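Colleague: Submitted below is the structure of interest, expressed as structure tokens.
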Amino acid sequence: MIGAIAGDIIGSVYEWDNVKTTEFPLLSDNIFFTDDTVLTIATADCLLNKKDFAHTYRQYFMRYPGKGYGGSFTKWAESGSGLPYNSWGNGSAMRVSPIGFAFDDIELVLETAEKSAIVTHSHPEGIKGAKSVAAAVFLARQGKDKDEIKDYIENEFEYDLEESIESIKKWYSFDVSCQGSVPQAIRAFYESEDFEDAIRKAISIGGDSDTIACITGGIAEAFYKVIPENIKIAVFNTLDEDMKKMTFKFYQHFIRDIKI
């Protein structure tokens, strides 16, 4: 979960100022958290306290306004409507990583990921994006190797994960869809050497950098189980007290094998 948040805050300054290289300042003075972090922590809150996804996402939206929420999500949150809006956007995938950490059964992971997505992202691609990321986090945490994770995602969700990051960078532009960002984020993890390298590769793709890095970061944390201290310090210096408390509680309850 901290891995996802780290990807968001590191990528925050590159979303509208894309870089196509892994050689960039990792932790600038201008980093900040966005809706990716807000809703990731909201998902953790739901799991920890058995809360309703839709109600909790609205609560966090109101508590943390102006954090870069998508237009459709904003209308949904402000309307109070219980109806999803058939989105295929990557918002369902960016917030789902805690689910991959919370359960020890893949079917429960997939079922809960779908529940978290469907309150807003009821389009099949929105649901698929959330389930694939949660599954990748789960498999990484269970000790599966990268090829096993890649094979599962390709076979179960029919994402094409063959294209290299260097090749993707040549043509990739801003794409907020699950189908146009989740496979790229998973590929960045697949090619990575460690946690930091995963984040750098994700951001180097360009496009929706904070969200791609958020997705990659959750998987990379589950796989490597080590996040550099300077990155963890930056994360906790960026979050407010309520967010820190929720994060610590989630780790104490669900992720005791990773030190924070």
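Colleague: Near the amide H of residue 89, under 5 Å away, which other amide H atoms are found, from residues 5 or more places off or on another chain, if H is placed in the peptide plane?
Modeller: Here the answer is 178, since their amide H atoms fall under 5 Å of that of residue 89.
Colleague: Continuing with this model, one more query. For the range 55-159, give the magnitude of the charge dipole about the Cα centre (Cβ charges: +1 Lys/Arg, -1 Asp/Glu; no others), in debye to the nearest 20.
Modeller: The calculation lands at about 740 debye.
Colleague: Run through every distinct alpha carbon pair of the range 108-177 and return the Kirkwood hydrodynamic radius in angstroms, one decimal place.
Modeller: Kirkwood hydrodynamic radius for the range 108-177: 13.3 Å.
Colleague: Which longest run of the chain has no exposed loop site in it, a site being GluC sites (Glu not before Pro) in a DSSP loop with at most 15 other beta carbons within 10 Å, and the site itself not part of the run?
Modeller: 24-157
Colleague: Continuing with this model, one more query. Cα-based Rg of the range 79-208 per 2.2 N^0.38 Å, rounded to two decimals?
Modeller: Against the empirical 2.2 N^0.38 Å value, I get 1.03 for the range 79-208.
Colleague: Moving on to the next point. Toward the positive end of the charge dipole of the range 56-210, about the Cα centre and with charges on Cβ (Lys, Arg +1; Asp, Glu -1), which of 181, 69, 149 goes farthest?
Modeller: It is 69, whose Cα lies furthest towards the positive end.
Colleague: Give the Cα extents of the range 160-203 along the principal axes, in whole Å, largest first.
Modeller: 26, 17, 17
Colleague: Ranking 5, 31, 10 by Cβ neighbours within 10 Å, fewest first, what do you get?
Modeller: Placing the least packed residue first, the sequence is 31, 10, 5.
Colleague: Next question, about the same structure. Local charge sum around residue 95 (other residues, Cβ-Cβ under 9 Å, Lys/Arg +1, Asp/Glu -1)?
Modeller: -2
Colleague: log10 I(q)/I(0), Debye, Cα-only the range 189-228, no solvent, q = 0.19, 0.23, 0.24, 0.31 Å⁻¹?
Modeller: For the range 189-228 at q = 0.19, 0.23, 0.24, 0.31 Å⁻¹, log10 I(q)/I(0) is -0.42, -0.61, -0.66, -1.03.
Colleague: Got a sec? How would 61, 101 order by Cβ neighbour count within 10 Å, fewest to most?
Modeller: 61, 101
Colleague: Going Cα to Cα from residue 20, which lysines come in below 16 Å? Please leave out same-chain ones fewer than 8 positions away.
Modeller: Partners within reach: 169, 170, 201.
Colleague: Placing unit charges on C-beta atoms (Lys and Arg positive, Asp and Glu negative, everything else neutral), compute the dipole magnitude of the chain about its Cα centre in debye, rounded to 20.
Modeller: 840 debye
Colleague: Quick check of the Kirkwood formula: for the chain, what is the inverse mean of 1/r over all pairs of different Cα atoms, in Å?
Modeller: By the Kirkwood definition, the hydrodynamic radius is 17.5 Å.
Colleague: Got a sec? Charge dipole of the chain, +1 on Cβ for Lys and Arg, -1 for Asp and Glu; which of 4, 54, 223 is way out at the positive end?
Modeller: Positive-end residue among those listed: 54.
Colleague: Across 10 Å bins from the origin, how do the percents of Cα pairs in the range 1-100 run, short distances first?
Modeller: Whole-percent P(r) values from 0 Å outward: 14, 45, 31, 10, 1.
Colleague: Can you sort 95, 200 from fewest to most other Cβ atoms within 10 Å of each residue's own Cβ?
Modeller: 200, 95
Colleague: Provide the net charge surrounding residue 150, with neighbours chosen by a C-beta distance below 10 Å and charges set as Lys +1, Arg +1, Asp -1, Glu -1.
Modeller: -3
Bear in mind that the values in this text are calculations on the coordinates, not laboratory data. Since we're looking at a predicted model, the values are computed, not measured. Using ideal geometry, Cβ is built from the backbone for each residue, glycine included, and neighbour counts are taken over all protein chains shown.
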